[in-house]
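The values are calculated or read from the model by the stated rules, or taken from the named source; none is laboratory data. Quantities reported herein were computed from a predicted structural model and do not represent experimental measurements. Cβ coordinates were reconstructed from backbone atoms using ideal geometry, including for glycine residues, and neighbour counts include every protein chain displayed.
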Ligand SMILES: Nc1nc2c(ncn2[C@@H]2O[C@H](COP(=O)(O)OP(=O)(O)OP(=O)(O)O)[C@@H](O)[C@H]2O)c(=O)[nH]1
Ligand SMILES: [Mg+2]
C-alpha cells in the first residue's frame, strides 16, 4: 500500500534546499542544477516515489524577509503539522551566516516539535565539497551546542520546552553535497553523501524508525540518560513479577516512543500487541476524555491494560488472557506502580 510522506525542508537562503530536492526528484547532476533562483515562500514539489512511499517535499524560501511569514498564525499550523521528516539545511562553507542559521533552526524545530512531535528530524551540513567548509560535527555544535547555550531559544511553557529538547536530542546530522563523491584530484571521498543518496537514506531510516525504533526504545535511548532507563526497566521487572504480567511498557504519550519495556523484540515486532503499543497514546487520548481510568483490551490471547502515568507518559502491561483476575485488586496494584514510575520521572529532567 502507498504511504504519503510530508518532508519539510527549511534553512537559510542559498543553503542548497531546492538543489537537493530537484536532484533527488529528477536525478540531476550538479552541472544540471546551476543557476537556481531563490525560492519564494513555500513551494510544494511534484511527488517523489521511493518504494511504497510517495514523498511530498515542502521547500521553503530562506530569505530573511520570508522567515516571519512561516510563523504567522494563519500559516504556522498548516506548514508545520503532519510532517513526517524535517530536514534543516545549512551551507557549511558560509560561517558568516551560521548565527542566523542557528536562530532560525530553533524557531523552526520548536514548531516541528509542537505540531509534529513524531517527526524524524535531520540536519544537512551541506556543500561539503567546498574547499573551506565546516564538518558535520562542527555544524551540530554551532546550531545546537550544549544545553546551557540554547536555553534562550526554548519556549516558555515547560511542557513545550521538554518536547523541543527531546526532538533536538534525536537529530542526526549528515554531511552532504550535490556533487559526486569524488574530490578535485579524482579520489572518492567518504566524508559526505551526495544529497540524493542522503535523502534516500533518511527515508529508509524513517521506515525503520516507524517499524522498529519507536517500538524497541531506540529513540528513548537518544533522549534519556542510561541510568534513568535502567532504573525504569528494573521497576518494570518488579511490575511483571508482582502482577504476573508477560511484559510491561512505559511510553511517551506525545511521540508514542517506547521509553522502557520488558517485552522481548520478537514478542512485539509485527504483532497486534506491537501495534497497540505504538497506538496506545492515541487510544488513551480518545478514551480518557471522559473516562480517566485504565483501559483494558483483549487481543491475541492477552489482556492488556493501558493507563496514563502523567501528561507525558503512559503505562501498559499485558497478562495471559485465560487467567482469571480480580479487577479491583489489579487496579490497586497498578496505581501503586504508577506512583513509583511518576516519581522516577520527577527526577529525570
Ligand atoms: N558548491 C556547492 N554549491 C551548491 C551545492 N548545493 C547547492 N549549491 C549552490 O548554492 C546556490 C543556492 O542553491 P539553492 O538550491 O537555490 O538554495 P536554497 O536553499 O533553495 O535557497 P532559497 O530558495 O533562497 O532559500 C546555487 O548556486 C547552487 O548551485 C553544493 O552541494 N555545493
Ligand atoms: Mg530554494
| remark: The residue from 99, 65 that alone is closer than 23 Å to residue 166 by Cα, more than 21 Å from the chain's Cα centre (by Cα) and either within 16 Å of ligand 1 (Cβ to nearest atom) or at pLDDT below 95 (or both) is 99
| field | Filter pass, residue 137 being closer than 30 Å to residue 34 by Cβ and away from ligand 1 (no atom under 16 Å from the Cβ) | value | yes
| task | Kindly check whether there is at least one residue in region 157-164 that is in a helix (DSSP H, G or I) and modelled with pLDDT of 95 or more. | result | yes
| task | Filter region 165-203 down to residues that are within 15 Å of ligand 1 (Cβ to nearest atom) and assigned to a loop (DSSP other than H, G, I, E, B), then give me how many there are. | result | 9
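For (1) surrounded by 15 or more Cβ atoms within 10 Å (Cβ to Cβ); (2) assigned by TED's automatic domain parsing to the domain that holds residue 307, each residue gets a yes or a no:
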position: 163; (1), (2): yes, no
position: 166; (1), (2): yes, no
position: 180; (1), (2): no, no
position: 202; (1), (2): yes, no
position: 208; (1), (2): no, no
position: 236; (1), (2): yes, yes
position: 254; (1), (2): yes, yes
position: 261; (1), (2): yes, yes
position: 264; (1), (2): no, yes
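Can you name the residue in region 1-23 that is more than 18 Å from residue 91 (Cα to Cα) and outside any strand (DSSP E or B) and, of all such residues, is farthest from ligand 1 (Cβ to nearest atom)?
Only one residue fits best here, namely 1.
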| query | If we only count strands (runs of 3 or more DSSP E) wholly inside region 233-349, which ones have 2 or more residues that are modelled with pLDDT under 85? | reply | 295-299
| said: Of all residues being modelled with pLDDT of 95 or more and surrounded by fewer than 13 Cβ atoms within 10 Å (Cβ to Cβ) in region 42-53, which is nearest to ligand 2 (Cβ to nearest atom)? Just the residue, please. | reply: 44
| Of the residues 79, 5, 98, which is more than 14 Å from ligand 2 (Cβ to nearest atom), more than 28 Å from residue 142 (Cα to Cα) and surrounded by 18 or more Cβ atoms within 10 Å (Cβ to Cβ)? | 5
